[in-house]
Amino acid sequence: MKYPNLFTSMNIGSVPIKNRAVMTAMCVGLANHDGSVSEPLAAYYEERARGGAGLIITECTRINEDDAVSHSSMLSMSHDRYIAPLKDAVDRVHAYGTKLFVQLFHPGRQNVVMFPALWRFNERMARIFPRYWDLFFKITGGFDESAMDDPKTVKRMRRYMKPLLAPSDVPCGLGVNPIRNQATKAMTIPQIKTLIGQFVAAAGRVQKAGADGVELHAAHGYLLQQFLSPYTNRREDEYGGTLENRMRLLKEIIDGIRKECGKDFPISVRLSVEEYYDMIGYAGQGIVLEEGVKMAKCLESFGIDVLNVSSGNYDTAQTSCEPVSFAQGWRKYLAKAVKDEVRIPVIAANLI
Ligand SMILES: Cc1cc2nc3c(=O)[nH]c(=O)nc-3n(C[C@H](O)[C@H](O)[C@H](O)COP(=O)(O)O)c2cc1C
């Protein structure tokens with residue numbers, strides 16, 4: 001057999017995983033509009049568990065209802081009301097001996113800024129008119145990123161929504177959001193502290209729902225990666241500059257989750273260890289593999305249980321979610337470079 005370890009069991013932290021097949025996070029737009037696990041989403045995870053995966057990582061899941069809402073029908077763990085529906089999905093996945101981690105996420109500058117601006121209003125309207133969400137998404141054309149590729153939608157948004165737009169949160173005042181040049185605002189220290197509390201509280205809810213661990217989404221150009229990358233983090237305080245400072249936010253979140261959930265609750269970090277700015281003509285900018293490996297080693301020293309190695313951001317998007325025209329396994333050298341330097345398990349996704 002070419003891969004003799006594939007069907008052998010292993011541990012992530014103290015959690016046994018029955019084989020080495022991991023389904024990485026994929027947002028599929030099947031959650032209820034309010035962010036709770038829906039029947040179709042639970043059934044989707046159950047089918048993947050039936051298929052035999054050892055570990056399933058849920059889609060990116062928001063940690064607050066203000067500026068972390070980034071697309072329609074996405075999962076949320078921002079409130080206790082999300083615990084019970086998640087528990088149902090966890091039980092169904094567990095029935096096949098598969099483990100489930102929830103990926104916690106904040107989009108930062110990758111947000112479509114209409115979401116933070118209108119979300120609270122929308123939530124209230126949805127409580128009054130049960131069919132409000134259907135109407136909202138029909139009128140706005142969904143307003144996820146693909147909808148923003150439609151010139152008519154963008155024009156409609158500019159005309160009607162502009163007065164309602166709230167800027168996205170980012171580490172520092174670096175220009176605008178690369179999605180259609182939308183406004184951004186640098187986070188203040190109190191906002192950073194609030195954010196840490198939100199990640200920690202969300203992890204606590206994931207644990208209460210009986211899930212097996214959490215993954216912090218510090219890849220693909222979202223907020224946690226924006227703090228890590230010297231390209232997007234130009235802060236001059238203790239959260240910017242040196243590698244230690246750029247990693248501080250992630251460290252404080254990890255420390256908080258450990259305190260809240262204990263040492264037996266695995267923490268995964270999905271990390272872009274290479275941003276590939278050289279591919280778009282900015283050689284040497286952003287995270288390059290050498291620094292990515294250093295970050296991985298720091299994360300291991302912070303006490304995480306597994307590293308999920310990925311790459312890219314929205315500026316170099318095809319390197320985080322590549323078209324199938326890329327060679328199979330083309331970026332496995334990234335996972336290998338990390339695995340050579342750490343002792344904890346390493347996950348790789350790259351057109352395998
Ligand atoms: C529809 C879709 C949604 C995705 N959503 C997420 C996500 O929420 N979080 C994440 O870390 N990666 C996400 N990804 C990236 C995948 O986890 C994976 O890294 C990527 O598809 C490449 O791996 P593969 O070749 O095994 O598919 C998404 C990919 C796809 C195709």
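The values are calculated or read from the model by the stated rules, or taken from the named source; none is laboratory data. Owing to the predicted nature of the structure, the values given are computational and were not obtained by experimental measurement. Here the Cβ positions follow ideal geometry from the backbone for every residue, glycine too, while neighbour counts run over all protein chains shown. Note: accessible area is taken over every heavy atom of the protein model, side chains too, but ligands, DNA and RNA are not part of it. Shrake-Rupley method; radii C 1.70, N 1.55, O 1.52, S 1.80 Å.
Here are a few things to note about the model shown:
- Ala211 part of a loop (DSSP other than H, G, I, E, B) and either modelled with pLDDT of 95 or more or in contact with a strand residue (DSSP E or B) (Cβ under 7 Å, 6 or more places away or on another chain) (or both): yes
- Those strands (runs of 3 or more DSSP E) lying entirely in segment 1-116 with at least 2 residues more than 16 Å from the ligand (Cβ to nearest atom): 10-12, 15-17
- Hey, Phe227 open to solvent by less than 10 Å² (accessible area, probe 1.4 Å), within 16 Å of the ligand (Cβ to nearest atom), closer than 26 Å to Gly312 by Cβ and outside any loop (DSSP other than H, G, I, E, B) or not: no
- Asp278 in contact with a Pro (Cβ under 7 Å, 6 or more places away or on another chain), farther than 22 Å from Ser14 by Cα and in a helix (DSSP H, G or I): no
- Here Glu252 meets the list (1) away from the ligand (no atom under 16 Å from the Cβ); (2) over 19 Å from the mean Cα position of the chain (by Cα) almost entirely, failing just condition (2).
Here is a yes/no grid of residues against (1) free of Cβ contacts under 8 Å to residues at least 40 places away in the same chain; (2) of a type outside the set (A, V, I, L, M); (3) open to solvent by less than 20 Å² (accessible area, probe 1.4 Å):
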| site | (1), (2), (3) |
| --- | --- |
| Cys298 | no, yes, no |
| Ser301 | yes, yes, no |
| Asn308 | no, yes, yes |
| Asp315 | no, yes, no |
| Gly329 | yes, yes, yes |
| Arg343 | no, yes, no |
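- Among the residues of segment 277-313, those that are within 16 Å of the ligand (Cβ to nearest atom), in contact with a Gly (Cβ under 9 Å, 6 or more places away or on another chain) and not aliphatic (A, V, I, L, M) comprise Ser311, Gly312, Asn313.
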